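The values are calculated or read from the model by the stated rules, or taken from the named source; none is laboratory data. None of these values were measured; they are calculated from a predicted model. A quick note on method: Cβ atoms are made from the backbone with ideal geometry, for glycine too, and the neighbour counts reach across all protein chains shown. When the accessible area is computed, the model is the full protein with side chains, heavy atoms only, and any ligands, DNA or RNA have been set aside. Shrake-Rupley method; radii C 1.70, N 1.55, O 1.52, S 1.80 Å.
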Amino acid sequence: MDEKKKGLNNTTIALMISVALFYDALQWLLAFIFMDWLVTIFAYMTFWTWFIMKGIKLLTPKRFAIQSGTLLIEVIPFVAALPAITCMVVLTVIDAKLKERGISLQAIGATRAKEIRAKNAG
């Protein structure tokens, strides 16, 4: 695959979030006839394929936790009304963009914790 096509641009991100919102709305509508599980299967297959095509690996520990956590939300009957598919897409996109820019949330948190400890000690 061409290196230009890998990664996420703003258009792709907006399209992914729009599709995720569509899947969440469709899932909510189909919940009344107990067919929302079918939307979940198609949504996860769609986004799994889409992220892989964009060169984003989903089997890193953090991203796997995002995927499995939102899937767990989708199988709980009344909690499934939450827009978990959209949350999964947004969290995965944020993680991918931070990694692309070389920003580590763990490093930011550790630096901030040191600043707070120094402030409280002084």
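Within segment 1-55, the set of residues being open to solvent by 90 Å² or more (accessible area, probe 1.4 Å) and touching a helix residue (DSSP H, G or I) at 6+ places or on another chain (Cβ under 7 Å) comprises L21, W28.
Could you check, for segment 76-93, whether at least one of its residues is more than 18 Å from the chain's Cα centre (by Cα), on the phi > 0 side of the Ramachandran plot and not hydroxyl-bearing (S, T, Y)?
Checking segment 76-93: not a single residue is more than 18 Å from the chain's Cα centre (by Cα), on the phi > 0 side of the Ramachandran plot and not hydroxyl-bearing (S, T, Y).
Contact annotation: residue pairs with Cβ atoms under 6 Å, 6 or more positions apart or on different chains, pairing a residue in segment 10-33 that is in contact (Cβ under 8 Å) with a residue 24 or more places away in the chain with a partner that is surrounded by 16 or more Cβ atoms within 10 Å (Cβ to Cβ) and not in a helix (DSSP H, G or I), are D24/P83. Taken as a whole, the structure places I103 among residues that are exposed (fewer than 11 other Cβ atoms within 10 Å of the Cβ) and either of a type outside the set (S, T, Y) or over 15 Å from the mean Cα position of the chain (by Cα) (or both).
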